[in-house]
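Nothing in this text is a laboratory measurement; each read-out follows from the coordinates by a stated rule. Here the structure is a predicted model, which means the values were calculated and not measured. Don't worry about glycine lacking a Cβ; one is built from the backbone with ideal geometry, like all the others, and counts go over all protein chains shown.
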Amino acid sequence: MGIFLPAFLFVALSVPLLPRMRRSATASAFLDGVNAASLALMTVVTVQLGRAAIVDGVTVALVAVSAGLLLRYRVNATWLILAGAVAGLMVAILSPDRL
């Protein structure tokens, strides 16, 4: 609640103001900059998480299979998370020295 609720409230409150802000050249440029900065931040965080999480052949295979299923067949991400958890448990059970 403390992390996501404020963001949702700010978005909900700012929606009526956006058309007026977009008419102003200065405010529109500011909004474009905020948009670019947020995309850059998400990209950097995604790369850092990927470098921390993709550490061996099993995780590389999970990423490749998940990405393929997600992009080709539009599998719901919930099923991919569940399958990843099951795969992690299987790896832990079959080779306990990995964890």
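Two decimals is fine: what is log10 I(q)/I(0) at q = 0.26 Å⁻¹ for region 1-53, from a Debye sum with one equal scatterer on every Cα and no solvent?
For region 1-53 at q = 0.26 Å⁻¹, log10 I(q)/I(0) is -1.01.
Which FRET efficiency value, to the nearest 0.05, is calculated for Ser95 and Val63 with the Förster distance at 25 angstrom and r the Cβ-Cβ distance?
Details: r = 19 Å, r/R0 = 0.77.
For R0 = 25 Å, the calculated efficiency reads 0.85.
Considering every pair of different Cα atoms, what Kirkwood radius, in Å, is found for the chain?
On the way: mean 1/r = 0.0578 Å⁻¹.
Kirkwood radius, the chain: 17.3 Å.
Between Asp56 and Arg23, what is the label-point separation in nm under the 7 Å Cα-to-beta-carbon projection?
Reported label-point gap for Arg23 and Asp56 is 6.1 nm.
Show me the helices of the chain, taken as full DSSP H stretches, that run 18 Å or more along their long axis by Cα and average 0.0 or above in Kyte-Doolittle hydropathy.
Details: long enough: 25-53 (42 Å, 1.09); 57-73 (23 Å, 1.72); 77-94 (25 Å, 2.28).
Length and hydropathy pass: 25-53, 57-73, 77-94.
Can you give me the Rg/Rh ratio for region 55-99, using Cα atoms for both radii and the Kirkwood formula for Rh?
Details: Rg = 11.4 Å, Rh = 11.1 Å.
My calculation puts Rg/Rh at 1.02.
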